[in-house]
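Some notes on the structure that comes next.
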Amino acid sequence: MKKFTGSCHCGAVVFRVASNFEKTIRCDCSLCKRKGTVINLIETEEFELLKGDDVLSLYEWNSNIAKHYFCKICGIYTHHIRRSVAAMGVNVGCFDHLTTEDLPEIGLVKGSTFSIVKG
Ligand SMILES: [Zn+2]
């Protein structure tokens, strides 16, 4: 798999993924629909944080199992760790030379139908 380097908007967070971008999704849960991002699903071992550990903020909600990270300077969601710690999602918009037109079919995850612990 090719390696791609992504960053948040201000550049404080930089990461690298090994991905073929075959598994890309949009999710309609209450968090993702507000972000409006396309997510590339990868394995944790395919992700490497190069810079920005000190500026990443963590957002947790609902079951508090998934870890949603974003840059505390520019606010951009960069990646999240899913219910399984081996599974991650990264923000496709963080890759400069990649647009949604370069991607194969983008799936839709009906996150809104997943169990909700609290509103
Ligand atoms: Zn930033």
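Bear in mind these aren't lab numbers, they're just calculated from the coordinates by the rules spelled out. Computed from a prediction, not measured in an experiment: that's the story for all the values here. All Cβ positions, even for glycine, are placed from backbone atoms using ideal geometry, and neighbour counts span all protein chains on display.
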message: Taking θ = phi - 60°, what integer Hz values does the Karplus form 6.51 cos²θ - 1.76 cosθ + 1.60 yield along segment 72-80, in sequence order, with x for Gly and Pro?
response: 6, 8, 9, x, 7, 5, 9, 7, 8
Over segment 3-111, relative contact order from alpha-carbon pairs under 8 Å, at least 6 apart, %: 33 percent
Rounded, prolate or oblate (a/c below 1.5 giving rounded, otherwise prolate when a/b exceeds b/c) for segment 3-111 by Cα gyration tensor: rounded
message: Within the chain, count lysine pairs with alpha carbon atoms under 17 angstrom apart where the residues are 8 or more positions apart or belong to different chains.
response: 11
task: Could you list which residues have their amide H under 5 Å from that of Val109, counting only those 5 or more apart in sequence or on another chain, with H placed in the peptide plane?
output: Arg26, Cys27, Asp28
- prompt: Of the peptides 19-28, 105-114, 43-52, how do they stack up when ordered by the mean number of other Cβ atoms within 10 Å, highest first?
  reply: 19-28, 43-52, 105-114
message: Above 18 Å lies some portion of the pair distances; for segment 49-119, what is it as a whole percent of all C-alpha pairs?
response: 50 percent
